[in-house]
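The values are calculated or read from the model by the stated rules, or taken from the named source; none is laboratory data. Quantities reported herein were computed from a predicted structural model and do not represent experimental measurements. Note that we place each Cβ from the backbone using ideal geometry, even for glycine, and neighbour counts take in every protein chain shown.
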Amino acid sequence: MKSKLFAALAPIILLLACAERASAQWQTQTLTIKPGWTAVYLFVDASYTNLDYLVGSDPGNPITEIWMWQPNVSSVQFVTSAQNPITGSSQWANWERLGTGQPSTLAALAPNAAYLIHSTATTNYTWKVKGNPVSPNYYWTTTGINFIGFPTVTNAPPLLDTFLAPVPALSTIATIFQYGGGNLSANNPAQVFAPHAVTVNRGQAFWITTPSYANTYFGPFQVVSLGNGAAFGASASSTSLRLINTTHAPVTIKLTLQPSEAPPAGLPAIAGVPPVIVRGTLNPDNLTYAALSLTATNALSWTLAPQGQGGSDIAVILGVNRAVLTNNPAGFFAGILRFTDTSNLTEVDLPTSAQAGSYAGLWVGNARLSQVSNYLKNYQRDPDGNLSQNTNGSYMVTSVNTNLGPVASSATYPMRLILHNDGTNVNLLQRVFYGAGVFSNTVVATGESALDPSQLSNARRITAVQFPWTPTNQTWLFSGKLLPGGLLKTSTSVKYDDYANNPFLHVFHPDHDNLDTTFQKQLPIGSESYQIDRSITMNITAPANDYNSLTQFGQSFSGAYLETITMTGLAFATRTFNVAGAFTINRISSIGTLTQGH
């Protein structure tokens, strides 16, 4: 029976044209190719190019044949002895240099696969294969033979017996073969007898058979991820990995973040290393998680309990600090998560990437007003304590207190905010429509006419009633940018004779209709109503230094809200009031186009 371990032995992979392949993390796996035949195992995905170019176009590369072992993992595998490459065999896919006359069934190098390489050189050849690091994936068969390599450390790799020491039963039961170079023969591959005093070089493949022994050991720990590593893209904030102890002794695992190598010629550049952070412990006082930075020099470590005990299988929560990514949607950031154990046996490299997200889209939230300016006059008094008057009989004012103070109610006053950002311009809206458009695409629109009439029941209208209504749904352009540290400013006005919006006007009340006693003549400004001018400032603040705030930044913004309200009355005299509080807005759609409607 076959037992699935990390995931799956990758099948043959042809050239990929997906976007993820175009922008990837890059790592070079160095392989020593001996004269004759060498067995190797790949931990990088080099399928971005084909073998005719990767090997065949290099006249200095002495490799003439590459054979990939592809056992049938979907059924019981009864191949029980080391196999030589055979043209036409279902267990082998092959590539040969052009001009050999042999057809090739292998187009590109797949990861997590074992290969037999033939070199015509008379000395060792160092083959550098650049690709995308992948999660180690394996199947193990107990009814046949396994052609496999181990993810050992690159520097000072262990001897085979040292590597297998945590599972002495495997070392005792296993029959192991290795290739020593030269021609294939009855002694090549040759059996490695105990004590297994050979070095387990990263990238070296062995034939191993373990009758009736279901092996689950490929190193003292496993790293299990939902996909291949941690790809955050332009909007994801968090992902998780599992660390599993595969031995019966405690294991300490160290994690660092390594930079990606430069991409192969002609492929997109990498802007830098993504700012990956790890979720730390919970602060019981404010219920926030610590954010632990991760770099090539700042390692984090975890000690896992022995297999089968509590704490032998833990989750590591990874995020990307979006507050430090620039607002550059074209910027691709890539790196490598490197896991090692303190016994220096295993190294697991996983790709991680992030893209600087655009802040375009529809943002909805609230400002909660907690302060309002006073208008308190201080009067002059005479020596007897009486209010002093000037020559016209008015009381003499010495000062006016217009400082901000708390609102009268213990609760803050909420005001809805609707903003749309097209990536360049930010507009304040009084109302917005969101739903299926007339061409079946989802739209953010200024009017209902842009929506599909047959799907209005699923559409939404969002309204901010504190801003003036206009028939055309006028928008107000902010100065500034919607981004970390941004300062947004805009203004709006309500005319003194605007019956639809001015709160001082009442059409059917003779004292508040702006008409004279004959109801024929318009009264001047300030007679019965005032013009209202509002200047709005939104100061986007930096996120708090906790895990959730840093990883979710860009999907939610908060900061200080200030509004200056100027009332204009008779003879165009003005009086100004200020209100202030805090705001929070959340992106509910990333659609950057505001469709016009009516």
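Sort out which residues of the range 397-419 are at pLDDT 90 or above and not hydrophobic (A, V, I, L, M, F, W, C), and write them in order of number.
Scanning the range 397-419 gives P414, R416.
Out of the residues in the range 478-512 that are part of a loop (DSSP other than H, G, I, E, B) and among the polar types (S, T, N, Q), which is surrounded by the most Cβ atoms within 10 Å (Cβ to Cβ)?
Result: N502.
Test A19 against the stated conditions and say whether it is buried (at least 17 other Cβ atoms within 10 Å of the Cβ), modelled with pLDDT under 95 and among the small types (G, A, S).
So A19 does not fit the description; no.
Of T87, T126, T120, T152, which residue is modelled with pLDDT under 95 and not assigned by TED's automatic domain parsing to the domain that holds G335?
Going through T87, T126, T120, T152 in turn, the sole match is T87.
Against the conditions (1) modelled with pLDDT under 95; (2) under 24 Å from T152 (Cβ atoms); (3) in a strand (DSSP E or B), where does A296 fall short? Just the number, please.
Failed condition: (3).
Return the residues of the range 413-464 that are part of a strand (DSSP E or B) and of a type in the set (S, T, N, Q); say none if nothing qualifies.
Residues satisfying the conditions are N421, N427, T442, T463.
Could you check how many residues of the range 200-219 are under 29 Å from T126 (Cβ atoms) and not hydrophobic (A, V, I, L, M, F, W, C)?
5
Does the range 131-166 hold any residues that are farther than 15 Å from N201 by Cα, outside any loop (DSSP other than H, G, I, E, B) and either touching a helix residue (DSSP H, G or I) at 6+ places or on another chain (Cβ under 9 Å) or without any contact (Cβ under 8 Å) to a residue 12 or more places away in the chain (or both), and which are they?
Selection gives N132 alone.
Taking the condition in contact (Cβ under 8 Å) with a residue 40 or more places away in the chain, more than 30 Å from T288 (Cβ to Cβ) and either in contact with a helix residue (DSSP H, G or I) (Cβ under 8 Å, 6 or more places away or on another chain) or among the β-branched types (V, I, T) (or both), does I540 pass?
Spelling it out, it is not the case that I540 is in contact (Cβ under 8 Å) with a residue 40 or more places away in the chain, more than 30 Å from T288 (Cβ to Cβ) and either in contact with a helix residue (DSSP H, G or I) (Cβ under 8 Å, 6 or more places away or on another chain) or among the β-branched types (V, I, T) (or both).
Condition first: of a type in the set (A, V, I, L, M, F, W, C) and either closer than 26 Å to R461 by Cα or outside the structural domain of T463 (by TED's automatic domain parsing) (or both). Now tell me which residues in the range 473-496 satisfy that.
Those that are of a type in the set (A, V, I, L, M, F, W, C) and either closer than 26 Å to R461 by Cα or outside the structural domain of T463 (by TED's automatic domain parsing) (or both): W476, L477, F478, L482, L483, L488, V494.
With the condition kept exactly as written, say whether any residue in the range 185-192 is closer than 20 Å to V55 by Cβ and either of a type in the set (F, W, Y) or surrounded by fewer than 18 Cβ atoms within 10 Å (Cβ to Cβ) (or both).
Checking the range 185-192: not a single residue is closer than 20 Å to V55 by Cβ and either of a type in the set (F, W, Y) or surrounded by fewer than 18 Cβ atoms within 10 Å (Cβ to Cβ) (or both).
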